[in-house]
Each structure stands twice: as C-alpha cells, then as structure tokens.
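The values are calculated or read from the model by the stated rules, or taken from the named source; none is laboratory data. Only a predicted model underlies this, so the values are computations on that prediction, with no experimental measurement involved. Note that each Cβ is placed from the backbone with ideal geometry, even for glycine, and that neighbours are counted across all protein chains shown.
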Amino acid sequence: MKIRIYIFYLFFCVIANGQTSILKGEANSSKVGLSSDELTYACNEYEKLIETDAYLEYEKKVRFFADKMENAFNDKDLPIDSFKNDSLYLEWIGKNISKTKFKSIDEAKNALENQLKSEEKMKKENPKLFELIDKANLEQRHKIFQPLFNRARNEIQGY
C-alpha cells in the first residue's frame, strides 16, 4: 500500500512540476529542450524548491489526497484520462466514493482544491523554474526531478 501511495504521490508531483504534456501525449525525448546552462539552473532551483515551505505544504496536501485515494488504485475502472481533468477526476470519485477513503464528494473536492491552490502558489513563487521545466525534454525533466525521485525511493526503503 505504501508503494502505491508514493507512486500516486510522485505522479501528482510530476504533473504539478510541468509534466502535464506527457499525459496529453505532447512530450517526447526529441524535443529541443534546455541549454546546458538552463538545465543546470533548473536542477539547482528544483533541488532548492523541494525544501521550501511552499513545496512541503503542497507535498502534504498531495499525500493527504493520495492516502484518501489508496483503495481506488486497485480499481481497473480508474481512467488515466481522469488525471488530465479535475472535473472528470471528481466525477469518477463521486461515482466511486466507496472505493476511496473520502467521506463525501465535497471532502474530495476540497482536498483537490487545496492541493491545486498550493500548487499554484508554488508555481507563482518560481515562474522561471516552471517555464524551464515546461521547455525541458523528457530526459532533462527526469534529471531535474531526480532529487524528488531519490527522496521518495529513500522514504519507501525506510531511510
């Protein structure tokens, strides 16, 4: 269960950090991407970002949501397309509330809204970083997000 929560958590964090184009089928490794200096800057700034209060607050809200969705991960009817659109996601939750730990659709909606507000705040505080993440190709994004992947892996392994 803990691993599934972390996968969901990483999925949301990566989406928030500029990877929505992957879900929309727009990203590929042949994208021109960042210059060497831009990539170095983005890597350094991202490493700083994930230690900020804004990011830690966002992470807390994503983990809360992921924990409430834990049981839903086993559901084969949870469409990946619902992650692209908040209203589709909430619609699925509303129809499948018993497969989640949410007590009501309002609780789910509030949790998602809180998460999105926290994400928006983080992005507003770091516009250049998120512009670079959006511009980066898939391989560069992996390098930028490596500190997050490392931290999640260490937490799963109990370090």
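Taking (1) at pLDDT 85 or above; (2) crowded, with 17+ Cβ neighbours inside 10 Å in turn, Ile97 satisfies each apart from (2).
Residues in region 104-143 that are under 13 Å from Ile50 (Cβ atoms) and either under 14 Å from the mean Cα position of the chain (by Cα) or aromatic (Phe, Trp, Tyr) (or both): Met122, Ile133.
Of the helices (runs of 4 or more DSSP H) lying entirely inside region 85-159, those containing at least 2 residues that are under 23 Å from Tyr46 (Cα atoms) span 105-125, 127-135, 138-156.
Go through region 31-70 and report how many residues are polar (S, T, N, Q) and assigned to a helix (DSSP H, G or I). Number satisfying all stated conditions: 3.
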